[in-house]
Amino acid sequence: MYLCFLKNVTMSQSRLQAISPIDGRYAAKTKALVPFFSEEALIKYRVQVEIEYFIALAELPLPQLADFDHAMIPALRNIYHEFSTDDAQAIKEIEHTTNHDVKAVEYFIKEQFERLGLQDHKEFIHFGLTSQDINNTAIPLSLKGAVDKVYTPALQGLRDQLHGLSQDWAQIPMLARTHGQPASPTRLGKEIAVFVTRLDQQIEGLNQIKHAAKFGGATGNFNAHHVAFPAIGWQKFGQDFVEKTLGLYHSFPTTQIEHYDHMAGLFDQLKRINTILIDLDRDIWTYVSMDYFKQKIKAGEIGSSAMPHKVNPIDFENSEGNLGIANALFAHLSEKLPISRLQRDLTDSTVLRNIGVPLGHTLIGFSATQKGLSKLLLNADKLAQDLEKNWAVVAEALQTILRREGYPNPYEALKGLTRTNQAITETTIKDFIEELAVSDTIKAEMRSITPSNYTGI
């Protein structure tokens, strides 16, 4: 009844009734994940794996499939290439009877075989397999597709945007802060470049993570395959099928399930990337609060329902919140999935149905950060003012030059000058320099140092 109801509502209405914001308020930002993590997508990937497995058996060939007409292979692949919502619904109807989602897929494919005149071969669909041979190939296949086609391009787009800003602001001097207190000056572009470098290193790590799949029968030993065809090297078959046909990594030996160590590593990696971006969100938010950035104003937009003047850094707040939710789920997935009682319990498939959720929140976070970055307006005057008000930060430079020259107790001398809670101005610094027992050349060198040019390499 509920499915019938959904057919009668508009897209906007269904979003209003969505329980999760990733399918409601933020659906436009997560729709790219639908082909990978929706119920329909999972069913389609299961169909793909079953079809490709049958083709692999036919290409061995198994003796009983020696007469299979290989000209029918394109027609078989069209079963998943042309897979539709109606096909997914047909499988769900079968599941109402079987109460088993993978078996429903098998029965659907058998119906397609009969339609194609291949009924004599239909018992080699799902031959010797357990459900997890299908799930533990279909799910990593969908996850790999989402990471390669959606997640990585989105992350790369954000990384490239940050790189562009680091170049634009490469020469903008800025007061640095350690423990929130004024510290040796830096450059705004360099501070952004730090995040670019951190992301680059994690992207490199991400690209090294394997998308592993289990394929080995009911308890991982190819029992049924071996008893039926003991002369066939089933381990090599499984490896070739998983790695050459599906483009995944074959885990062997396993229990009934893939042990999920590689998938857990992936989720830990995604969590680490999100943590870097949360760090970025908070830094940019702080710079906005310090007036280092203004924000572009959109006509008609309201910042506060009570305070008309406000332009809030809401995009960075939205990103931080969504990335935090994603990280909580990634943490649970990476901790839970590698643990299963003996050969297997059902907890893995229960939580695997949710792997698209943290990726959805992650994409929302990426989008919000990018939107926030695109609205930033550099307030160069404020950055310059903060530097000018903090001449004490050149003390490090002066004492280092004095150390180089063998001057007695230079650190203590500068500490005595600057650690007084009194305002330190350009005049204060230059008067101090004039009193030093050093050459005029050294004094000139020291006088040339300002908060705006003491920015390192």
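Does Asp101 qualify as being modelled with pLDDT of 95 or more and acidic (Asp, Glu)? Can you show your working first?
Details: modelled with pLDDT of 95 or more: no; acidic (Asp, Glu): yes.
Against the criterion (modelled with pLDDT of 95 or more and acidic (Asp, Glu)), Asp101 does not qualify.
Could you list, in sequence order, all residues of segment 62-97 that are β-branched (Val, Ile, Thr) and within 17 Å of Ile125 (Cα to Cα)? Before you say what the answer is, go through the steps one by one.
We begin by selecting, within segment 62-97, every residue β-branched (Val, Ile, Thr); these are 73, 79, 85, 91, 94, 97.
Ile73, Ile79, Ile91, Ile94, listed by residue number.
Filter segment 358-370 for residues that are among the hydrophobic types (A, V, I, L, M, F, W, C) and either under 15 Å from Val147 (Cβ atoms) or not assigned by TED's automatic domain parsing to the domain that holds Ser319 (or both); which is surrounded by the most Cβ atoms within 10 Å (Cβ to Cβ)? Break it down stepwise before answering.
Step one: of segment 358-370, the residues among the hydrophobic types (A, V, I, L, M, F, W, C) are 359, 363-364, 366, 368.
Right, trim to either under 15 Å from Val147 (Cβ atoms) or not assigned by TED's automatic domain parsing to the domain that holds Ser319 (or both) and you get 359, 363, 366.
Details: Leu359: 27, Leu363: 24, Phe366: 23.
Out of the qualifying residues, it is Leu359.
Just a yes or no: is a residue in segment 208-221 more than 14 Å from the chain's Cα centre (by Cα), assigned to a helix (DSSP H, G or I) and assigned by TED's automatic domain parsing to the domain that holds Lys336? Reasoning before the result, please.
To start, the set of residues in segment 208-221 that are more than 14 Å from the chain's Cα centre (by Cα) comprises 208, 210-221.
Cutting the leftovers down to assigned to a helix (DSSP H, G or I) gives us none.
No - not one qualifying residue is present in segment 208-221.
Every residue, every condition in (1) more than 16 Å from Leu246 (Cα to Cα); (2) in a loop (DSSP other than H, G, I, E, B), yes or no:
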residue	(1), (2)
Ala32	yes, no
Phe36	no, no
Glu40	yes, no
Val47	no, no
Ala56	no, no
Phe68	yes, yes
Ala71	yes, no
Ala75	yes, no
Ile79	yes, no
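Residue by residue through segment 324-373, note down the ones that are basic (Lys, Arg) and either at pLDDT 95 or above or touching a Lys or Arg at 6+ places or on another chain (Cβ under 6 Å) (or both). Show your work before the answer.
Applying the first criterion (basic (Lys, Arg)) to segment 324-373 yields 336, 341, 344, 353, 371.
Matches in segment 324-373: Lys336, Lys371.
Mind listing just one residue for me: the one in segment 228-273 that is of a type in the set (Lys, Arg) and under 22 Å from the mean Cα position of the chain (by Cα) and, of those, nearest to Ala146 (Cα to Cα)? Outline the logic, then answer.
Going residue by residue through segment 228-273, those that are of a type in the set (Lys, Arg) are 236, 244, 271-272.
Okay, now just the ones that are also under 22 Å from the mean Cα position of the chain (by Cα), so 271-272.
Values: Lys271: 16, Arg272: 18 Å.
Taking the candidates together, the pick is Lys271.
When only residues in segment 15-50 that are over 23 Å from Ile91 (Cα atoms) and hydroxyl-bearing (Ser, Thr, Tyr) count, which is nearest to the chain's Cα centre (by Cα)?
Among them, the one singled out is Thr30.
Output yes when any residue across segment 48-70 is farther than 25 Å from Gly238 by Cβ and either among the small types (Gly, Ala, Ser) or surrounded by fewer than 17 Cβ atoms within 10 Å (Cβ to Cβ) (or both), and no when none is. Walk me through how you get there before you give the answer.
Quick first cut of segment 48-70, residues farther than 25 Å from Gly238 by Cβ only: 69.
Those left that are additionally either among the small types (Gly, Ala, Ser) or surrounded by fewer than 17 Cβ atoms within 10 Å (Cβ to Cβ) (or both): 69.
Yes, the conditions are met somewhere in segment 48-70.
Of the residues Glu95, Glu82, Glu59, only one is in the same structural domain as Leu42 (by TED's automatic domain parsing), without any contact (Cβ under 8 Å) to a residue 40 or more places away in the chain and over 34 Å from the mean Cα position of the chain (by Cα); which?
Result: Glu59 is the single residue among Glu95, Glu82, Glu59 that is in the same structural domain as Leu42 (by TED's automatic domain parsing), without any contact (Cβ under 8 Å) to a residue 40 or more places away in the chain and over 34 Å from the mean Cα position of the chain (by Cα).
Yes/no matrix, rows are residues, columns are (1) assigned by TED's automatic domain parsing to the domain that holds Ile203; (2) at negative phi; (3) assigned to a helix (DSSP H, G or I); (4) modelled with pLDDT under 95:
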{"site": "Pro230", "(1), (2), (3), (4)": "yes, yes, no, no"}
{"site": "Val242", "(1), (2), (3), (4)": "yes, yes, yes, no"}
{"site": "Gly247", "(1), (2), (3), (4)": "yes, no, no, no"}
{"site": "Gln256", "(1), (2), (3), (4)": "yes, yes, no, yes"}
{"site": "Asp279", "(1), (2), (3), (4)": "yes, yes, yes, no"}
{"site": "Asp283", "(1), (2), (3), (4)": "yes, yes, yes, no"}
{"site": "Val288", "(1), (2), (3), (4)": "yes, yes, yes, no"}
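Taking segment 379-396, which residues are under 41 Å from the mean Cα position of the chain (by Cα) and touching a residue at least 60 places away in the same chain (Cβ under 8 Å)?
Let us first name the residues in segment 379-396 that are under 41 Å from the mean Cα position of the chain (by Cα), namely 379-390, 393-394, 396.
Result: Asn379, Ala380, Lys382, Leu383, Ala384, Asp386, Leu387, Glu388, Asn390, Val393, Val394, Glu396.
When the residues of segment 71-115 are filtered to those that are of a type in the set (Gly, Ala, Ser) and more than 24 Å from Thr130 (Cβ to Cβ), which remaining residue is surrounded by the fewest Cβ atoms within 10 Å (Cβ to Cβ)?
Kept after step one, since they are of a type in the set (Gly, Ala, Ser), are these residues of segment 71-115: 71, 75, 84, 88, 90, 104.
Now drop any that are not more than 24 Å from Thr130 (Cβ to Cβ), which leaves 71, 75, 84.
Details: Ala71: 7, Ala75: 14, Ser84: 10.
Checking each candidate, the answer is Ala71.
If a residue must be among the acidic types (Asp, Glu), surrounded by fewer than 19 Cβ atoms within 10 Å (Cβ to Cβ) and touching a helix residue (DSSP H, G or I) at 6+ places or on another chain (Cβ under 6 Å), how many such residues does segment 242-278 contain?
So the first thing to find is which residues in segment 242-278 are among the acidic types (Asp, Glu), and the list is 243, 258, 261, 268.
Narrowing further to those that are surrounded by fewer than 19 Cβ atoms within 10 Å (Cβ to Cβ): 243, 261, 268.
Then drop every residue that is not touching a helix residue (DSSP H, G or I) at 6+ places or on another chain (Cβ under 6 Å), which leaves 268.
Qualifying residue count, segment 242-278: 1.
Of Asp281, Asp291, which residue is farther than 23 Å from Ser131 by Cβ and crowded, with 18+ Cβ neighbours inside 10 Å?
Working: Asp291 fails: crowded, with 18+ Cβ neighbours inside 10 Å.
Matching residue, one of Asp281, Asp291: Asp281.
The values are calculated or read from the model by the stated rules, or taken from the named source; none is laboratory data. In this text the structure is predicted, and so the values were computed from the model without any measurement. When we count neighbours, we look across all protein chains shown, and the Cβ atoms used for this are built from the backbone with ideal geometry, even at glycine.
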